[in-house]
Amino acid sequence: MEELNFNKLKGKPMRVMFSERDPSKRRSGRGNVFVKNLHESIDDKQLADMFSSFGKVLSSKVVCDASGVSKGYGFVQFYSELSVDIACNGRNQHIQVCPFVSHRQWDESPVFTNVYVKNLAETATDADLKRIFGEFGEINSAVVMRDGKGKSRKFGFVNFEKAEAAVTAIEKMNGTIVDEKELYVGRAQRKKTRLEDLMANFKLEKTRRDVRTRKGLNLYVKNLEGSVNNKVLEELFSEFGTITSCKVMVHSNNVSKGVGFVEFSTSEEASQAMLKMNGKMVEGKQIYVSLAQCKEDRLNLQSQSNNMSQNVVSSTPTPSLHQHPSLSRAAAPASMLPPQPPFGGYSFQPHLMFGTRFPNGCPAMPMPNFMVPQSFPPPLYPPAPPVNLHCGLMPLPPVQPQLWNPHRRI
């Protein structure tokens, strides 16, 4: 271990140490220190030699980038925790030493000294960050992040000596205007933790917005002119009460979508505004105003509408394949039905019902309307005599003698 430790293997230095079967010590970080502000020429072996005077060094590592250039910080693990206290209390004007803190402990700790600054001017430098935040306390480091070509990424980090200075800097500088840019100043966080916090805040705000929407405080405005912005929309609805929120939805290129939302402090004000403003002409267009609905409510209404339409379609009788088309009016296509004459008068009139031909080739016959009294012609022949099924023909009544009439039709 003494001979092979720190020797290079395929261009990378090896780290050889005793195997620790118990992972709790390794995961706890006991005996580990964090070292920063290292010179680029310092490697793993030189770092171990620097801290060997404070105790037995088990492992040391200088963090490098993909090209093998030192990033200026590293880690040293001692055999004893007492060596950590001695190394951290030792004075060195060039490097800084502190106990190692894992990402989980660092995220959960309410005490922090590192501050994240966003929306910087493109010409901002490290010296500008120190000048702007130097009034709040002693600064250990201030860095503006840059890409591979040296161009500013318009954000940076400021590390204070004391946590109180970091909290004061966030309270005083967040939202201030510097070089015509509105700065965002907050606690420095890992990307995963920052996304989790943003998602939690988004869900909380969404829940509050849904509660306000279900109470009838939020109005949905549609068919807005492209020139209508947040200020104009607020002026249109300000006469009906106190507006707590007003926004016109826009695309990514800041072009209006033609819709917006207006939220009032009470449901009575929202109802009055909806009744007065719905259908009003604004900038030459008639706007539509209604109560805003949550996404879940809209989906429920849409699913209910789809279910109702499916039930109507399923309840419509389908003509049987064995049924003749003439007995089902729905079976005949519209092109086969001739136009029907208009109904005249004010009462029920007899009308014709046309269909296709019967199988024997007979044309469709007119069907009288029996709701209207019909005048039937007298029969041409006298009724047939009744028939007795048991005894044959029944005797006819006596025939009355009639005078012969030559004009009678037979």
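The values are calculated or read from the model by the stated rules, or taken from the named source; none is laboratory data. What you are looking at is a predicted structure, and each value in this text was computed from that prediction instead of being measured. A quick note on method: Cβ atoms are made from the backbone with ideal geometry, for glycine too, and the neighbour counts reach across all protein chains shown.
Quick check on this structure: which one of Lys276, Lys247, Lys231 is on the phi < 0 side of the Ramachandran plot, of a type outside the set (A, V, I, L, M, F, W, C) and not in a helix (DSSP H, G or I)?
It is Lys247.
Select from region 69-84 the residues that are more than 45 Å from the chain's Cα centre (by Cα) and part of a loop (DSSP other than H, G, I, E, B) and list them in ascending order.
Those that are more than 45 Å from the chain's Cα centre (by Cα) and part of a loop (DSSP other than H, G, I, E, B): Tyr79, Ser80.
When you scan region 158-189, how many residues do you find that are acidic (Asp, Glu) and in contact (Cβ under 8 Å) with a residue 60 or more places away in the chain?
Summing the residues that are acidic (Asp, Glu) and in contact (Cβ under 8 Å) with a residue 60 or more places away in the chain in region 158-189 gives 1.
Which condition number does Glu135 fail, the rest of (1) in contact (Cβ under 8 Å) with a residue 40 or more places away in the chain; (2) exposed (fewer than 15 other Cβ atoms within 10 Å of the Cβ); (3) charged (D, E, K, R) being met?
Only one criterion in (1) in contact (Cβ under 8 Å) with a residue 40 or more places away in the chain; (2) exposed (fewer than 15 other Cβ atoms within 10 Å of the Cβ); (3) charged (D, E, K, R) is unmet by Glu135, namely (1).
So how many residues does region 141-162 have that are closer than 18 Å to Gln96 by Cα, surrounded by 15 or more Cβ atoms within 10 Å (Cβ to Cβ) and of a type outside the set (A, V, I, L, M, F, W, C)?
Selection size over region 141-162: 2.
How many residues does region 1-53 hold that are within 20 Å of Tyr79 (Cβ to Cβ), modelled with pLDDT under 85 and outside any helix (DSSP H, G or I)?
Residues flagged as within 20 Å of Tyr79 (Cβ to Cβ), modelled with pLDDT under 85 and outside any helix (DSSP H, G or I) within region 1-53 amount to 18.
Which of the residues that make up region 221-261 are surrounded by 12 or more Cβ atoms within 10 Å (Cβ to Cβ), closer than 19 Å to Arg209 by Cβ and hydroxyl-bearing (Ser, Thr, Tyr)?
Thr244, Ser245
Let me confirm something: among Val158, Val178, which residue is of a type outside the set (Ser, Thr, Tyr), in the same structural domain as Leu120 (by TED's automatic domain parsing), at pLDDT 90 or above and in contact with a helix residue (DSSP H, G or I) (Cβ under 7 Å, 6 or more places away or on another chain)?
Exactly one of Val158, Val178 is of a type outside the set (Ser, Thr, Tyr), in the same structural domain as Leu120 (by TED's automatic domain parsing), at pLDDT 90 or above and in contact with a helix residue (DSSP H, G or I) (Cβ under 7 Å, 6 or more places away or on another chain), namely Val158.
For Leu219, state whether it is farther than 30 Å from Val144 by Cα and among the hydrophobic types (A, V, I, L, M, F, W, C).
Criteria met by Leu219.
If a residue has to be more than 30 Å from Phe155 (Cα to Cα) and of a type in the set (D, E, K, R) to count, how many in region 186-243 make the cut?
12
If I filter region 280-319 down to residues being among the small types (Gly, Ala, Ser) and surrounded by 11 or more Cβ atoms within 10 Å (Cβ to Cβ), which single residue comes out as modelled with the highest pLDDT?
Among those that are among the small types (Gly, Ala, Ser) and surrounded by 11 or more Cβ atoms within 10 Å (Cβ to Cβ), it is Ser290.
Among the residues of region 211-224, write down those that are in a helix (DSSP H, G or I), without any contact (Cβ under 8 Å) to a residue 60 or more places away in the chain and charged (D, E, K, R).
Matches in region 211-224: Arg212 only.
Among residues belonging to region 126-158 that are touching a Leu at 6+ places or on another chain (Cβ under 9 Å) and part of a helix (DSSP H, G or I), point out the one that is nearest to Tyr116 (Cα to Cα).
In this case the residue turns out to be Leu129.
Looking only at region 163-186, count every residue that is over 32 Å from the mean Cα position of the chain (by Cα), within 14 Å of Ala124 (Cα to Cα) and surrounded by 15 or more Cβ atoms within 10 Å (Cβ to Cβ) and tell me the total.
Count: 1.
Out of Ala66, Ala87, Ala48, I need the residue that is more than 51 Å from the chain's Cα centre (by Cα) and more than 21 Å from Asn5 (Cα to Cα). Which one?
Ala87
Could you list, ordered by first residue, the pairs with Cβ atoms under 9 Å in which the first is in region 190-210 and farther than 20 Å from Pro110 by Cβ and the second is surrounded by fewer than 12 Cβ atoms within 10 Å (Cβ to Cβ), at least 6 apart or interchain?
Here the result reads Asp210/Lys295; Asp210/Glu296, each pair linking region 190-210 to a residue that is surrounded by fewer than 12 Cβ atoms within 10 Å (Cβ to Cβ).
Checking Ser267 against (1) within 17 Å of Cys294 (Cβ to Cβ); (2) at pLDDT 90 or above; (3) small (Gly, Ala, Ser), which test does it fail?
Result: Ser267 passes all but (2).
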